[in-house]
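See structure below.
The values are calculated or read from the model by the stated rules, or taken from the named source; none is laboratory data. Quick caveat, the model's predicted, so the values are computed rather than measured. Cβ atoms come from the backbone with ideal geometry, glycine included; neighbour counts cover every protein chain shown. Only protein heavy atoms, including side chains, enter the accessible area calculation; ligands, DNA and RNA are left aside. Shrake-Rupley method; radii C 1.70, N 1.55, O 1.52, S 1.80 Å.
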Amino acid sequence: MAGQIVLFGATGYTGELAARALVTRGARPVLAGRSAERLEALAAALGGLETQVADVSRPASVRALVARGDVLVSTVGPFARWGGVAVEAALDAGAHYLDSTGEPAFLRRVLEDLGPKAAALGTTLVPACAFDWVPGNLAGALALEAAGPRATRLVVGYASRGGGGLSGGTARSVAGVLLEPSFAWRDGRLRTERVGARTAPVTLGDGAVQRGLSVGGSEHLALPAAYPSLQEVTVVIGGGGRAVRLAPAATAVAAGVAALPPGRRALAALLDRRAPAGGPRPEQRARGRSIVVAEARDAAGELLERVPLVGPDPYTFSGDILAWSAMTAAAGELRVTGGAGPVAAFGLEALEDGARTAGLVRRDAGGRG
């Protein structure tokens with residue numbers, strides 16, 4: 001029997017996009033969040049959906065959202081601050097769990113610390129099941145499949161163009177990421193490494209080269225398990241300007257300040273105040289596009305395979321891929337239990353098809369895609 005989909009954080013920016021995408025795809029999710037009034041307004045606009053009030057400050061209310069076999073989709077962030085309640089509620093209930101986090105410390109906790117418990121319960125946890133970090137996992141796996149066991153190094157680059165900037169929730173999550181430890185896959189093992197410790201060039205789908213800042217993504221945790229020849233995985237977010245080259249020094253200073261509690265509190269407060277309200281408007285999202293490129297190389301640095309993916313703006317893609325993932329999970333089509341990246345959770349072929357329905361397609365120089 002198909003499980004029920006519960007969308008926690010439905011009235012937030014990404015949550016509403018996911019709610020609308022679910023309904024467009026034919027689902028009838030339960031909408032959950034803090035405000036009964038806002039939930040009822042959204043539910044009415046989407047054809048009369050069921051609603052349920054829940055708040056992370058009352059964990060029992062979140063636990064009451066789901067039962068065994070249901071799918072809990074959480075868009076409630078910053079996840080380092082608020083995300084634990086939802087994933088623990090899913091575990092307690094025996095429900096599957098998906099979220100929209102891009103925060104390295106949180107996704108590592110879900111995959112490494114909570115994944116074994118989920119496996120014992122026969123459920124699946126798929127964090128970072130949105131623009132962060134589904135496209136890079138997909139592009140990376142496609143590149144590694146084509147490159148074969150000679151591939152020992154993988155660089156994944158993310159970039160977006162023409163959109164309307166960050167939502168308030170994303171900006172607050174980014175602030176938290178800058179203050180938390182991150183990681184990278186180096187010399188065949190996971191190493192602690194701050195965000196922005198490195199830069200790397202990435203050739204985008206139109207041939208332009210951007211330098212990007214390193215960040216911890218689920219690619220570091222999920223892909224080496226499936227492709228044991230990998231010795232190094234680098235994930236970067238493209239910036240493009242000359243200032244990117246100065247970023248490693250700047251992030252080192254910020255990390256030093258954040259290491260002391262007073263400095264950490266001051267930085268957190270400053271970044272929180274500067275977060276915008278809302279997010280990109282529909283017409284801004286319509287103009288935006290995303291580009292994700294994976295390059296697989298051998299130990300000598302020779303390029304073996306390059307996979308560029310292009311799609312809609314990151315928020316539009318996030319809502320759609322969350323909807324596809326939730327419906328796939330609710331239909332009983334998850335391939336593994338425990339903590340999983342999207343390739344392991346859904347299978348490479350199915351994930352490529354699902355991403356295509358969300359507008360993300362491969363664009364090779366020869367016009368493939």
Selected residue (criterion: most open to solvent (accessible area, probe 1.4 Å)) from residues of the stretch 113-135 that are within 27 Å of Val195 (Cβ to Cβ) and among the charged types (D, E, K, R)
Asp113
Selection count, the stretch 44-57, where residues are open to solvent by less than 40 Å² (accessible area, probe 1.4 Å) and either in a helix (DSSP H, G or I) or under 27 Å from Ala331 (Cβ atoms) (or both):
3
Does at least one position in the stretch 150-172 carry a residue that is modelled with pLDDT of 95 or more, over 22 Å from Gly278 (Cα atoms) and in a helix (DSSP H, G or I)?
yes
Residue among Ala32, Ala19, Ala41, Ala60 that alone is farther than 18 Å from Leu125 by Cα, modelled with pLDDT of 95 or more and either in contact with an Asp or Glu (Cβ under 7 Å, 6 or more places away or on another chain) or part of a strand (DSSP E or B) (or both)
Ala32
The condition of being assigned to a loop (DSSP other than H, G, I, E, B), surrounded by 19 or more Cβ atoms within 10 Å (Cβ to Cβ) and either at pLDDT 85 or above or not acidic (Asp, Glu) (or both) holds, among Gly216, Gly240, only for Gly216
Filter the stretch 4-24 down to the residues that are open to solvent by 10 Å² or more (accessible area, probe 1.4 Å) and over 19 Å from Gly278 (Cβ atoms), then identify the one that is nearest to the chain's Cα centre (by Cα).
Ile5
Only residues that are closer than 15 Å to Leu121 by Cα and either among the charged types (D, E, K, R) or part of a helix (DSSP H, G or I) (or both): list them for the stretch 69-108, please.
Asp70, Val87, Glu88, Ala89, Ala90, Leu91, Asp92, Ala93
Listed by first then second residue, the pairs whose first member lies in the stretch 327-350 and is farther than 22 Å from Arg25 by Cβ, whose partner is part of a loop (DSSP other than H, G, I, E, B) and among the hydroxyl-bearing types (Ser, Thr, Tyr), with beta carbons under 8 Å and at least 6 positions apart or on separate chains, are Thr337/Thr123
Kindly indicate which of Val85, Val62, Val110 is in contact with a helix residue (DSSP H, G or I) (Cβ under 7 Å, 6 or more places away or on another chain), open to solvent by 10 Å² or more (accessible area, probe 1.4 Å) and hydrophobic (A, V, I, L, M, F, W, C).
Val85
Any chance Val202 is in contact with a strand residue (DSSP E or B) (Cβ under 8 Å, 6 or more places away or on another chain), at pLDDT 80 or above and aliphatic (A, V, I, L, M):
no
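Step by step: first the residues of the stretch 208-234, then only those that are free of Cβ contacts under 8 Å to residues at least 40 places away in the same chain and small (Gly, Ala, Ser), then the one that is nearest to Arg297 (Cα to Cα). Which residue is that?
If we take residues in the stretch 208-234 being free of Cβ contacts under 8 Å to residues at least 40 places away in the same chain and small (Gly, Ala, Ser), then Ser214 is nearest to Arg297 (Cα to Cα).
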When you look at Arg68, is it free of Cβ contacts under 8 Å to residues at least 24 places away in the same chain and either open to solvent by 60 Å² or more (accessible area, probe 1.4 Å) or in contact with an Asp or Glu (Cβ under 6 Å, 6 or more places away or on another chain) (or both), yes or no?
no
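The rows are residues; the columns are (1) open to solvent by less than 40 Å² (accessible area, probe 1.4 Å); (2) assigned to a strand (DSSP E or B); (3) out of contact with any helix residue (DSSP H, G or I) (no Cβ under 7 Å at 6 or more places or on another chain); (4) among the basic types (Lys, Arg).
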{"residue": "Ser290", "(1), (2), (3), (4)": "yes, yes, no, no"}
{"residue": "Ala299", "(1), (2), (3), (4)": "no, no, yes, no"}
{"residue": "Gly311", "(1), (2), (3), (4)": "yes, yes, no, no"}
{"residue": "Ala323", "(1), (2), (3), (4)": "yes, no, no, no"}
